[in-house]
Structures are given as C-alpha cells and as structure tokens.
Amino acid sequence: MHSVGQAYPHESAVGHVTGAAPYIDDMPRLPGELIVDFVGSTYAHAEILSVDTSAVAKVPAAVAYTYKDIGGKNLFGPIIKDEVFLAEHHAHFLGEPIVVVAAPTRELVEQAKKAVRISLKELPAVLSIDDAREKKLFIDKTIKMEQGEVDAALESAERTLSGSFFTGGQEQFYLESQAAYVVPGEGNELIVHSSTQNTTEVQKVVAEVLGLRHSDVVCICKRMGGGFGGKETQAVMPALMAAIVSQKTRQPARCQFSKDIDMMVTGKRHPVKSFYKVGFTSEGRVTALAIDYFSDGGCTADLSTSIIARTLFHTDNCYDIPNLRATGTICKTNFPSNTAFRGFGGPQGVAAIENILESVAQVLGLDAYEVRKRNLYQGQNAVTYYGQPVKNNVLPELFEQLYQRSGYAERRKRVDESNKRTLTPAPLPKGEGTGRMRVKGLALTGVKFGISFTTKFLNQGNALVNVYTDGTVQVSTGGTEMGQGLYTKIQQIVADELGVRFDDVRVMATSSEKSNNTAPTAASAGTDLNGNAAAVACRKIRERLTNYVASLWAIEPQSIEFSDSRVFCKGHEMSFAELTQKAWRERISMGERGFYATPGIDFDYATGKGSPFYYFTNGACVAEVSIDRFTGELTIDRLDVLMDIGKSINPGIDRGQLIGGIVQGIGWVTAEELKYSEKGALLSHSPTTYKIPGIRDIPELFNLDFFDNPLHDFNIRSSKAVAEPPLMLGMAVFCAIKNALSYLKPREIIELNLPATSEQVLLRMETLR
C-alpha cells in the first residue's frame, strides 16, 4: 500500500492532544538558566533622552543590556536593512524594545524591569494610512503592473464606478507566543531553539547582530504552536533577546512573550486602503480597472515590499480584465512592522476585486454569480495581466460544478422569497415573527492563488536522508512544522520513494546544522520545496541500492521493486532491513542530500511582467448568511466549498487545512477587528477583546469536496499547495453580507469595509432604511 494518498494522522497528533508534544516553554530548565524580558517605549514615537540601568545591579543575579552592549551591527531586515534590535536614539512604536533584562526568576525579572529608568520625549506619531499619505511617508518605491490602454478604456466604458475600500489588519493569534531558548556551547557557539518558520533567518540575524559568524549559531525548531506567517521574520526578536543574554553570561536563557505583549509588539496582516475606478458593460463584463493600493507597513519594511507585490499579483484573482493597472505603495506609520500572514498580501487583492464585482452586480441589478462567470479566465490560452499563462485552467468548470452541486439557482429563489416576505410591510403571519427579523444573502466567489515565492531565489529546498541498518529512515529538511502537517507529508513521500513502511520513517527537528541556507516555510511551498528535495535524496539512495541488488541477484535493475519494507523480483526477495545490512557491509552509502529548485519561474519588476508562480491553486465557495435586522448579528447558514488541489498527499490533513483556512478567512472578513487608542496602543490584545471565530460561528452545514483536475500532472506526486488559498474563500461570506444588505435598497452600491463586524453591518443598515 502506498503511503501517499492515505489520510494518516498528523505525526504529532497524539502528543498534541495529550500534552506530550514539547514546545519551547516545555524544554527542561537547566542549571543557571535566566528568564529574559524587555523594557520598551511608552510612546508610539519618541526621542530617547536617557537610559539608566545601574539600579538593575541591586537585583540579585539580574542583568540588563542596551544597544551599546551589542557586539555586532544593531541593524537587520529580511529585504531592506532598516530594523534595529534595541532602540538607540528614537523609538518608532509603542513597546519598541530599549533594554533587555534577565534574572533567575520571573519575580526578579519584574524587579529588574522596574529598576530601569528611561527618559523619553514624545513626538508626533503617524497612526493611519491617510495620515501617512498626507505626510508622504512611504517605504521604498511604488510598484506598478499594467496591461492594455486603461485610461482610454475607462473613458469609453459603457458604465463606470469609482470608490475606495479598506481591508483591516488581522492578528495571527498563534497559540504559542513568540519564544526562544538559547544554550551556550563551546567557544562562541550558541544553540538557539526557536519557535520560527525560518531557522536560517534566526541563525543569520542572531550571528550578525551579535558579531558572530553564521557557523557559530545553530537554530533548531522541532515544532511551533502555530505560525501563520507571524514567525517568518519576527521570531528573531525573542531569539536575539535570549541570545544576547546567553552570549554575555554564558548561561542558558529563555524568552517567551505573554499573549498580551506578543499582540502589542509584533506585526500583523497589513491593513490596506484601495482607490479604484472600474469600467464595465450593462451585462457586467469588466472592460477596465485602475486600482491604487496603500498598505500600512508599520515603522520598518519587514516583508512589506514582497507582500504588496503579491497584492498586485492577485488583483485579477479569477478574472480576465483586458485593461488593468494596479499600483502598490507602502505607508510608513508608528505601529510595529506589519508582516506575513497566511496569503501574504494576496487576500487584500482578492478582497478588492471581489468587492468591486459585487458592487458592479448591485448597480446593474444582476446576480453577482453571473457577473463573475462572465469575467472568468477561459480556455487554455489565457494570460494574466502581468504576463503569466494560466496553465491548466479549470476555473469555468470549477465554478459551474459548484453552482450545480450547491443548488445555487434554487437557493437564490428561496433567498429572494424570504427577503420579500421580510421586507414587505404587512401584518406578521402567525409563526413568522422570528423569520421577519432576518435578511438573507447568498454569494459564490472564487480564488486563483499563485504558488511559489515571488522572490525567485527563495524557491529552493534541501534535505538530508539517512537510512540505517535496521531498515529505518531519518529525514531532515529546512521545512518547519507549525501544525500544518508538513512533517507527516514528508514522512509519506519518503516512505514511498524508498518503498518502506510509513512508521519506519522519522522526520527530525529542523536544524540549520543539517539543512543550511533554507527558505522560510511559507508561501504554501513547504511540501513542494522540501518534499521534492527529500525525494531527490531518496532516489539517489534507492538507485545505489537497486544497482547493488541487481548485481547480487544477477538481474536487470529495472525489474527490482521496493514495497512495504521489502525488495523483490523474479523469485528473489529480502527485507529492506536485510538489504541495508548487506549494503553497509559492501560500503555502499545510505545517506544523501537532496536539493530542489522550482523550475520555470521568473519576474521582472522593472517591466511588471513575467511568471512568478509555478502553478495556481483554485477554489470556489458558496456562502449563505442571515443577518438580524435589529442587532446586526451574523449567522452563516451554509458553506459549500470546491477545491482544486491536484492529487492529495494526505486527504485528512488537506481537509483540515482547507477548513481551517476558510474559517480564518471568515474571521478576517467578519469579526477580527484591531482597535487602537488615539496614542497608538492596541486595545484588543487578548482573547477577551479580540474575537477569533468560535465553534458557534461555523455553520452546521459545511460541505467541502475536492475538484478532479486531470490537467495537473506535475509537482511532487501531482499535488498542489493547500495552506493559503482557502483563506480567501472567506470573501464569499463578506459578499453574501453585501448581497443581503442590497435587498434593503436595490441597485445601490453597498459600501462596506472589512471586517464587516455586526456593529458595522448594523450601522450600515440604519443608513439603508
């Protein structure tokens, strides 16, 4: 039986539910260990007048460090080097670290923090996209992608609409907060255990900031309690804090942010404000679109330049718009640097175009499904507005199949009838009191999400596979496990490549010592890159073993089969364990490195043209909602989802990823609102004030199916990435809300920003009465 295609449980499932799977804070305490924390700015923007840590010496065994104690460069950044570890002369967001403190106990740490004296002068802060635009405070340059004659097409368009649209930020809300544990080794060596999506980034930043060589630092990540992009770059801060303490004291040091602190000082999904003008026909065919995006990058660049680029790459989403121009500008504000979050800028682009199409349908009095259907990419020769062929296009078939399976047409009739009864002034028929309080909406939206890093050099992976003389296997890759099931999928791939049992393969903790110069586990490319690299290594080992067996049995190599931990051919058979023993005695190498680089991708940002993606993952969702007319409370009545993910490596894990992504997307578009004070303090910094979806937010009727796509016959085991694309299907719920509100005042544009909270929906209904 092949491992690939089976719904094996997550490799840590039992450990997760029993509490036996260790995370950073579960690692055993070592003698002399110090607990690490920091003291930060009390203003969103300030001049640092003085810092006095002398009183910390009076706290038993406590230490304190400022930027003056840094042994290397107090400057780093994944793209633009504009971030500092510890603030020097100015603080640029509320809570920005100025002093690192450490002591043997939490009580002593709190005493040490109180002993630090910092004098600040508050400066004017920029706390909105509009304020940054007015002051012309931007990060890097504006980027542009364009095709056709946009201005001329808008001028000659039969109908036009223009407006603005705001998509709010979103907290990653991983269950394990940012954490690191550092143990000093011999000489200058530091062993950094980090809850990170990017072991190489932590290794490099720790080394360069502390004045060490990359080879002096080993970064290890066994697992994370969630990441969602928030640990792609920003795991470096707790790692640096623990590392400087460990470097200076030569003692183990542990740093873990509380949930409140984590939410207050780390970056989130980028809020984006877009300004658009769209031209279209009376049948709803979009002929031209000009859209300008302004994202809130926070106080430094982080990954914002790549994120805004992906927003532009997904402005077309599933739709072929002949004349399209999109620009992206990053605003500099006095918030923590915003960063990666599942979808990496793509959701903001998808949200913009889906919102526009919903508005086009509303002013034309058409069902939005018909408008979307008329604008879909068609056939096998379609090309995106940035020049990438839409290969193996199945969007029309996918939309039609979901339309039929979900009973969309009949349900639209029922929604029409229900809303007619609700909104027609008349005495309440007996038993209809509750129903008359709710207005219903229905929407079908899609996603076409590009898979690959849009920075070409990141599209590489490496792996180390070791086969032992008992027939068991260890595999190490640069991919990190954050609950998404990467380790399990690699275990399945390796088992099949070597023809051994699933349980005979063990995936080891990700370590920069074994897998060097790795890409982050992000962009939904973890299995593509690391699974392919592991397969390359396995094939080299299997080839050597096959040739040895062929010589041993005097047969042709191509007739030899490996399956279920056995090797056999034409009357010959032995166990895989027996083969490994024989091969070892014959001095045949059973360890191998594998390397993989994604083929056929490139993009020229100067021209705005190229093929940045290896392929697209597609999907569609029908959402039906009900809204209480008196409270704005939202109920999602039903969801129907159809996803094109190729051939699934693990259907169980993929199903979990798809459902989880959709639910996270629903949270973004309906409930997860970030609230700040007028001074830039995050007010919604805990589960009591920040609402992520709960079990009651999920519909009882939730149908999810896989779309059979025979055209996708490449990539590792003909699979497709699944992690990020489903999040954007949450837009079906947002569009269903807009659709429901449109019944209150037909043919009027329903202006609604994201998230469409119950409060915002209720206020919008008041204006439509």
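The values are calculated or read from the model by the stated rules, or taken from the named source; none is laboratory data. Remember, predicted model here, so these are calculated numbers, not experimental data. Note that each Cβ is placed from the backbone with ideal geometry, even for glycine, and that neighbours are counted across all protein chains shown. Accessible surface is based on the protein model in full, side chains and every heavy atom, while ligands, DNA and RNA are left aside. Shrake-Rupley method; radii C 1.70, N 1.55, O 1.52, S 1.80 Å.
For this structure, a couple of remarks:
- Taken over segment 693-743, the criterion of being surrounded by 23 or more Cβ atoms within 10 Å (Cβ to Cβ), out of contact with any Lys or Arg (no Cβ under 9 Å at 6 or more places or on another chain) and among the charged types (D, E, K, R) is satisfied by 738 alone.
- Residues within segment 301-322 that are within 25 Å of residue 233 (Cβ to Cβ), assigned to a loop (DSSP other than H, G, I, E, B) and in contact with a Phe, Trp or Tyr (Cβ under 9 Å, 6 or more places away or on another chain), tallied: 3
- For residue 133: the one exception among (1) closer than 30 Å to residue 200 by Cβ; (2) basic (Lys, Arg); (3) not in a strand (DSSP E or B): (1)
- In segment 381-400, the residues that are more than 18 Å from residue 601 (Cβ to Cβ) and open to solvent by 40 Å² or more (accessible area, probe 1.4 Å) reach residues that are modelled with pLDDT of 95 or more and of a type outside the set (Val, Ile, Thr) with C-beta atoms within less than 9 angstrom, at least six apart or across chains, in these pairs: 381/389; 381/393; 397/707; 400/373.
- Residue check for residue 543: part of a helix (DSSP H, G or I), without any contact (Cβ under 8 Å) to a residue 24 or more places away in the chain and more than 30 Å from residue 339 (Cα to Cα): yes
- Selection status of residue 150, out of contact with any helix residue (DSSP H, G or I) (no Cβ under 6 Å at 6 or more places or on another chain), over 18 Å from residue 301 (Cα atoms), buried (at least 20 other Cβ atoms within 10 Å of the Cβ) and at pLDDT 95 or above: yes
- Residue identified as in a strand (DSSP E or B) and among the aliphatic types (A, V, I, L, M) among 17, 4, 100: 100
- Of residues in segment 591-606 being open to solvent by 10 Å² or more (accessible area, probe 1.4 Å), among the small types (Gly, Ala, Ser) and not in a loop (DSSP other than H, G, I, E, B), the one farthest from residue 455 (Cα to Cα): 591
- Test result for residue 588, within 21 Å of the chain's Cα centre (by Cα) and either open to solvent by 30 Å² or more (accessible area, probe 1.4 Å) or within 30 Å of residue 565 (Cα to Cα) (or both): no
- Considering segment 363-380, and only residues there that are outside any loop (DSSP other than H, G, I, E, B) and not basic (Lys, Arg), the residue that is surrounded by the fewest Cβ atoms within 10 Å (Cβ to Cβ) turns out to be 370.
- Sub-6 Å Cβ pairs linking a first residue in segment 559-573 that is modelled with pLDDT of 95 or more to a second residue that is assigned to a strand (DSSP E or B) and hydroxyl-bearing (Ser, Thr, Tyr), at least 6 apart or interchain, are 566/575, ordered by first then second residue.
- Top-ranked residue in segment 88-125 [being small (Gly, Ala, Ser) and surrounded by 18 or more Cβ atoms within 10 Å (Cβ to Cβ); ranked as farthest from the chain's Cα centre (by Cα)]: 115
- Residue check for residue 233: within 18 Å of residue 510 (Cβ to Cβ), among the β-branched types (Val, Ile, Thr), in contact with a Ser or Thr (Cβ under 9 Å, 6 or more places away or on another chain) and in a loop (DSSP other than H, G, I, E, B): yes
- Test result for residue 575, open to solvent by 10 Å² or more (accessible area, probe 1.4 Å), under 25 Å from residue 643 (Cα atoms) and among the polar types (S, T, N, Q): no
- Pairs with Cβ under 7 Å, 6+ apart, first in segment 1-27 and farther than 23 Å from residue 493 by Cα and aliphatic (A, V, I, L, M), second open to solvent by 30 Å² or more (accessible area, probe 1.4 Å) and not in a loop (DSSP other than H, G, I, E, B): 24/193; 24/256; 27/193
- Comparison of 128, 119 shows that the only residue that is touching an Asp or Glu at 6+ places or on another chain (Cβ under 9 Å) and closer than 22 Å to residue 51 by Cα is 119.
- Within segment 664-703, the set of residues being part of a helix (DSSP H, G or I), at pLDDT 95 or above and not polar (S, T, N, Q) comprises 665, 666, 667, 668, 669.
- When residue 325 is tested against the conditions (1) open to solvent by 10 Å² or more (accessible area, probe 1.4 Å); (2) more than 30 Å from residue 416 (Cα to Cα); (3) in a loop (DSSP other than H, G, I, E, B), the lone failure is (3).
- Within segment 230-256, being open to solvent by less than 20 Å² (accessible area, probe 1.4 Å) and of a type outside the set (A, V, I, L, M) holds for 230, 231, 232, 233, 238, 246, 252, 254, 255.
- 2 or more residues within 18 Å of residue 733 (Cβ to Cβ): qualifying strands (runs of 3 or more DSSP E) within segment 607-663: 615-628, 634-644
- Any hit, segment 329-346, residues being over 23 Å from residue 450 (Cα atoms), surrounded by fewer than 24 Cβ atoms within 10 Å (Cβ to Cβ) and in contact with a helix residue (DSSP H, G or I) (Cβ under 7 Å, 6 or more places away or on another chain): yes
- Criterion violated by residue 749 - all others in (1) open to solvent by 20 Å² or more (accessible area, probe 1.4 Å); (2) aliphatic (A, V, I, L, M); (3) not in a loop (DSSP other than H, G, I, E, B) satisfied: (3)
- For residue 264, the conditions (1) in contact with a His (Cβ under 6 Å, 6 or more places away or on another chain); (2) crowded, with 24+ Cβ neighbours inside 10 Å; (3) not charged (D, E, K, R) are fulfilled apart from (2).
- Options 528, 503: the member that is modelled with pLDDT of 95 or more and surrounded by fewer than 24 Cβ atoms within 10 Å (Cβ to Cβ): 503
- Residue match in segment 401-415 (condition: modelled with pLDDT of 95 or more and outside any helix (DSSP H, G or I)): yes
- Evaluation of residue 292 against (1) assigned to a strand (DSSP E or B); (2) in contact (Cβ under 8 Å) with a residue 40 or more places away in the chain (one fails), failing number: (2)
- Residue 82 at pLDDT 95 or above, of a type in the set (D, E, K, R), more than 30 Å from residue 453 (Cα to Cα) and open to solvent by 20 Å² or more (accessible area, probe 1.4 Å): no
- Any chance residue 330 is part of a strand (DSSP E or B), more than 22 Å from residue 227 (Cα to Cα), modelled with pLDDT of 95 or more and under 21 Å from the mean Cα position of the chain (by Cα): yes
- If you go through segment 145-199 and keep only what is more than 25 Å from residue 232 (Cβ to Cβ) and among the aliphatic types (A, V, I, L, M), you end up with 150, 152, 153, 154, 157, 161.
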